[in-house]
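Structure, as structure tokens:
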Amino acid sequence: MGFARELKTAYLLRWKRRRLLFRALRKRHELRAVRNRTSCIGKRDILLFSTVRNEAVRLPHFLTYYRRLGVDHFLFVDNGSDDGTHEYLAGQEDVSLWTSEHSYRQSRFGMDWLTWLQIRFGHGHWCVTVDADEILIYPFHDSRPLSELTAWLDMQRQQSFGAIMIDMYPKGRLSENAYTPGDDPFEGLCWYDAGNYVWTYQQKIRNPSAQGGARARAFFAHIPRRAPTMSKKPLVKWNRRYAYLNSTHSVLPRRLNDVHDQSGRLTSGILLHSKFLPSVIERSRVEKERKEHFAVSSIYDDYYDAVIADPVLWTEDSVRYSGWRQFEDLGLMSRGGWA
Amino acid sequence: MSTDDRSLGVVLLVHTALERAGQVAHHWARNGCPVVIHVDRRVPRESCQAFMRAFADYPAVRFSRRLRCEWGRWSIVRATQIASELMLASFPDVRHVFLASGSCLPLRPIDDLRTYLGERPETNFIESASTEDVPWTVGGLDKERFTLRFPFSWKRQRRLFDGYVKLQRRIGYCRTIPEGILPHMGSQWWCLTRQTLSAILESPRRKEYDRYFRRVWIPDESYFQTLARIHSRNIESRSLTLTKFDYQGKPHVFYDDHLQLLRRSDCFVARKIWPKADRLYQTFLRKSSGSRRTGEPDTNKIDRIFSDAVARRTRGRPGLYMHSRFPNEGWENGLTCAPYSVFEGFGDLFQNFEAWLSRITGIRVHGHLFAPDEAEFEGGQSVYCGGLSSHPATRDRNPGQFLASLIWNMRGERQAFQYGPDDTPEIGWFMAKDPNAQISVISGAWAVSLFHSNLDFSTIRKIAALRQKAEAAHLEILRSPHTKARVRIWTMAEFMETPMDNLQMLIDEMLPRSSLRFSEAPRLASLSGFGKFLQNLKNHGMHPYLVGNFPPDNAFPGHPWPAGRPYLVK
């Protein structure tokens with residue numbers, strides 16, 4: 001029975017993936033190219049895909065950081081920004097920009113658009129897929145570029161890379177933390193929750209999934225199942241037949257979710273989450289009205305209200321961020337066999 | 001010694017990253033070493049010619065006939081032979097020949113190496129271990145490297161390769177090894193004396209050997225290693241080139257962040273170096289600063305770092321759940337990361353048990369961590385170490401991971417908590433299966449708190465029945481053969497016979513190395529009338545059998561404590 005059921009699941013997931021790809025194919029009409037510089041993508045380039053909306057504050061640091069890491073080309077979809085994001089991105093030499101005025105939610109939170117771009121441009125490349133508020137950290141990221149990580153993963157025959165997202169927050173109220181665009185956001189947002197992550201294994205798609213962190217503690221303690229998922233697969237050696245299933249939390253085919261080992265540890269990373277910059281308060285007000293962010297938005301009204309109230313997320317037990325080795329000591333990521 | 005000394009020759013095999021290889025070749029040549037370079041045929045002609053032109057001013061740099069080299073095959077040995085022959089023929093002063101690749105980097109001044117070899121003029125440095133005795137290879141092919149045939153490329157024709165190996169195994173094919181040869185294996189990178197190397201190359205049986213090794217798997221790790229044994233007695237079985245392998249047998253790459261490690265290792269040469277490691281190349285290819293050391297290489301630290309990496313990759317950190325490690329149930333290699341103690345019933349029987357325990361032992365004592373309305377963290381905190389929330393919904397989402405996280409977050413400090421029949425039952429199995437748990441139960445002690453409660457008797461009877469049922473189920477788990485925790489169960493009556501001794505025993509077990517004798521006992525809850533209370537429950541059809549045989553008249557024989565007053569040991 002186990003075998004038959006496995007076969008059936010595999011078959012259904014295969015069709016699920018095809019549906020996602022087809023969906024992306026249909027949604028490609030919602031995209032309009034603003035700057036297409038993809039002709040300068042080299043054969044071995046590392047690409048970064050992202051959907052953004054009003055991220056002018058974060059993008060300067062975001063681009064600087066990922067350029068230094070060794071991303072060769074950025075592919076952005078701008079979903080109706082009105083704060084200069086559009087113009088800023090269009091002016092960057094290594095950015096290709098598309099724009100869409102259509103619904104973020106109905107394009108699976110931007111995933112359909114990105115899937116289309118990945119079909120077109122991602123095939124055969126290592127692709128980073130992140131939001132503008134996510135900064136990827138991996139072991140030795142300060143001394144070894146991304147291309148070395150991907151070379152290592154290639155050598156290990158690992159096609160995807162897992163990272164857990166960590167909500168970073170300031171010591172006082174959210175609004176008290178001043179931030180100038182271009183600065184490292186984690187100078188102010190330097191605290192986090194180190195040991196309250198709960199892992200669930202999603203058998204069907206072979207996906208280890210985590211919930212926890214500051215948001216789960218402060219806003220979802222009474223309904224932990226509703227807390228945001230924190231595990232992601234932000235780095236994948238892409239194939240045009242792949243598709244992200246649920247944001248970047250999981251990928252199909254499901255073997256790509258296998259970023260863990262039964263006994264030992266594989267190499268894994270961290271996504272530093274700069275959500276709680278002061279702008280989050282105003283943004284939550286807007287998003288609460290827009291209802292574009294969650295499948296069932298009404299459940300999250302309390303959450304938006306709590307953020308709008310400008311809370312203090314810091315506690316006595318918060319840990320101050322001091323580099324990737326700390327994450328490794330705390331058991332949040334691992335070098336695996338990479339030394 | 002000066003740079004006129006031409007006793008050390010270097011054979012350099014270059015495949016990729018020509019620019020770096022060129023830098024290293026210049027470095028060898030500048031320091032007075034004759035160099036013979038073999039450039040892989042697969043390198044395009046133009047880049048190769050540009051590469052060769054850069055050495056026009058160096059008479060002591062020669063280029064040998066180019067072959068197309070493929071990893072794991074004979075062509076690499078052949079290229080080495082050709083280059084070595086050229087070396088021996090063109091540079092008669094050379095006494096030691098050092099085999100290196102383009103991604104090898106000399107870490108110490110070349111003079112150091114020359115001095116080192118000069119002091120050992122007859123010694124051959126070649127790692128060479130008998131396949132009989134050393135299970136080195138990863139992937140299973142060790143002795144079979146020499147007894148099967150390998151006509152197919154592992155890189156390009158993997159299926160044929162694997163299929164042919166299987167076929168030969170099935171029909172029981174076994175090659176005859178040429179007479180007088182005892183297969184040895186070791187690192188590809190060696191340093192041989194002229195005497196040994198020429199003996200190998202000029203051996204009358206060379207044709208026969210070459211024919212045999214042509215079909216051996218990865219002959220570059222066995223050809224010279226085996227033949228050196230025939231032609232020389234003076235073999236130091238180690239490589240002067242530092243190489244590290246991961247758990248799959250692939251070589252590790254050294255990066256800029258390994259600089260200090262490499263510098264302190266005192267190794268002569270290391271590989272593989274990442275071609276873009278600017279700092280490493282800049283540091284180690286600087287014109288040799290006269291500081292001459294004669295020390296032996298010391299690779300302890302480097303060895304440890306890389307064996308740690310293998311351990312990390314293959315074995316988990318017990319009690320840790322994370323993205324890159326998520327064990328199946330039953331394969332955890334430890335459910336939690338450190339020992340902890342669970343006390344059941346003690347809080348009912350003693351009024352100030354938690355405060356007393358933490359005062360006596362100095363460990364972290366929580367209340368009922370799995371209480372229905374809140375996780376009672378030490379000091380009543382609502383958020384505990386690591387950001388654990390005391391909200392019961394969060395905790396009961398996955399009680400096992402909650403406990404594992406708590407133990408992990410506080411690693412280095414022993415923790416204890418209370419548990420009782422009202423608490424989350426799901427954690428029972430988790431604790432029972434965890435060898436780190438020390439579980440001590442006074443069964444039926446919950447009756448004491450009921451006895452002191454101010455409830456209607458009918459409610460008490462109802463609660464007592466529920467608690468007894470829950471505790472009985474819990475005890476059944478603790479007594480199951482699958483239990484790995486250290487469990488001690490007393491009925492309340494049993495415990496009360498020698499309470500001080502029992503407490504002392506638990507403390508000793510908790511803190512084995514401290515011979516802690518406590519002078520102050522916890523305060524016992526008042527038990528006058530308790531016997532009657534139990535009898536009353538019985539009279540209402542609810543037999544509290546988990547309490548044990550508690551005398552109804554309350555004249556408890558071993559009862560040493562005048563209720564309500566602390567007990568002092570003299």
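Derivation of every value follows stated rules applied to the coordinates shown; laboratory data play no part. Computed from a predicted model, the values in this text were never measured in an experiment. Neighbour counts run over all protein chains shown; Cβ positions are idealised from the backbone, glycine included.
Odds and ends about this structure:
- Selection from region A:291-324 of residues that are among the basic types (Lys, Arg) and surrounded by fewer than 13 Cβ atoms within 10 Å (Cβ to Cβ): A:Arg320
- Hits in region B:119-131 (condition: within 14 Å of B:Leu240 (Cβ to Cβ) and either surrounded by fewer than 18 Cβ atoms within 10 Å (Cβ to Cβ) or touching a helix residue (DSSP H, G or I) at 6+ places or on another chain (Cβ under 6 Å) (or both)): B:Glu119, B:Arg120, B:Asn124, B:Ile126, B:Ser128
- Flag if B:Lys484 is among the charged types (D, E, K, R) and either over 33 Å from the mean Cα position of the chain (by Cα) or surrounded by 17 or more Cβ atoms within 10 Å (Cβ to Cβ) (or both): no
- Flag for A:Lys204 being surrounded by fewer than 21 Cβ atoms within 10 Å (Cβ to Cβ), among the basic types (Lys, Arg) and either within 21 Å of B:Met322 (Cα to Cα) or out of contact with any Ser or Thr (no Cβ under 7 Å at 6 or more places or on another chain) (or both): yes
- Take the conditions (1) in a loop (DSSP other than H, G, I, E, B); (2) within 29 Å of A:Glu6 (Cα to Cα); (3) at the interface with chain B (Cβ under 10 Å from one of its Cβ atoms); A:Lys233 misses just one of them, which is (1).
- Pairs are defined by a Cβ separation below 6 Å, a sequence spacing of at least 6 or placement on different chains, a first member in region B:358-384 that is touching a residue at least 40 places away in the same chain (Cβ under 8 Å), and a second member that is of a type in the set (Phe, Trp, Tyr) and assigned to a strand (DSSP E or B); the pairs so defined are B:His366/B:Phe417; B:Leu369/B:Phe417.
- Residue within region B:254-261 that is assigned to a loop (DSSP other than H, G, I, E, B), within 13 Å of chain A (Cβ to nearest Cβ) and closer than 19 Å to B:Leu99 by Cα present: no
- Residue in region B:46-66 that is surrounded by fewer than 15 Cβ atoms within 10 Å (Cβ to Cβ), within 39 Å of the chain's Cα centre (by Cα) and touching a residue at least 24 places away in the same chain (Cβ under 8 Å) present: no
- Of the candidates A:Gly70, A:Gly91, the single residue that is surrounded by fewer than 21 Cβ atoms within 10 Å (Cβ to Cβ) and within 14 Å of chain B (Cβ to nearest Cβ) is A:Gly70.
- Scanning region B:459-481 for residues that are under 44 Å from the mean Cα position of the chain (by Cα) and either outside any helix (DSSP H, G or I) or among the β-branched types (Val, Ile, Thr) (or both) turns up B:Ile477, B:Arg479, B:Ser480, B:Pro481.
- Index of the failed condition, A:Gly212 passing every other in (1) within 11 Å of chain B (Cβ to nearest Cβ); (2) buried (at least 22 other Cβ atoms within 10 Å of the Cβ); (3) closer than 30 Å to B:Pro251 by Cα: (3)
- Taken as a whole, the condition of being in contact with a Gly (Cβ under 7 Å, 6 or more places away or on another chain) and over 21 Å from A:His125 (Cβ atoms) does not apply to A:Ser279.
- Residue check, B:Thr336 within 14 Å of another protein chain (Cβ to nearest Cβ) and not small (Gly, Ala, Ser): yes
- A:Asp302 vs. criteria away from chain B (no Cβ under 14 Å), in a helix (DSSP H, G or I) and of a type outside the set (Ser, Thr, Tyr): yes
- A count restricted to region B:144-184 and to residues that are in a helix (DSSP H, G or I) and among the acidic types (Asp, Glu) stands at 2.
- Per the conditions (1) touching a residue at least 60 places away in the same chain (Cβ under 8 Å); (2) surrounded by 22 or more Cβ atoms within 10 Å (Cβ to Cβ), the sole criterion not satisfied by B:Cys69 is (1).
- Of all the criteria given as (1) closer than 25 Å to A:Ser147 by Cβ; (2) assigned to a strand (DSSP E or B), the one not satisfied by A:Trp98 is (1).
- Test result for A:Ala163, closer than 20 Å to A:Trp324 by Cβ, surrounded by fewer than 21 Cβ atoms within 10 Å (Cβ to Cβ) and at the interface with chain B (Cβ under 9 Å from one of its Cβ atoms): no
- Sole exception among (1) under 16 Å from B:Val77 (Cα atoms); (2) part of a helix (DSSP H, G or I) for B:Ser187, by number: (2)
- Lone qualifier among B:Phe402, B:Phe417 - being in a strand (DSSP E or B) and within 32 Å of the chain's Cα centre (by Cα): B:Phe417
- Selection over region A:174-205 of residues that are within 10 Å of another protein chain (Cβ to nearest Cβ), in a loop (DSSP other than H, G, I, E, B) and in contact (Cβ under 8 Å) with a residue 24 or more places away in the chain gives a count of 4.
- Annotation: of all residues in region B:262-279 being assigned to a loop (DSSP other than H, G, I, E, B) and among the hydrophobic types (A, V, I, L, M, F, W, C), the one that is surrounded by the fewest Cβ atoms within 10 Å (Cβ to Cβ) is B:Trp274.
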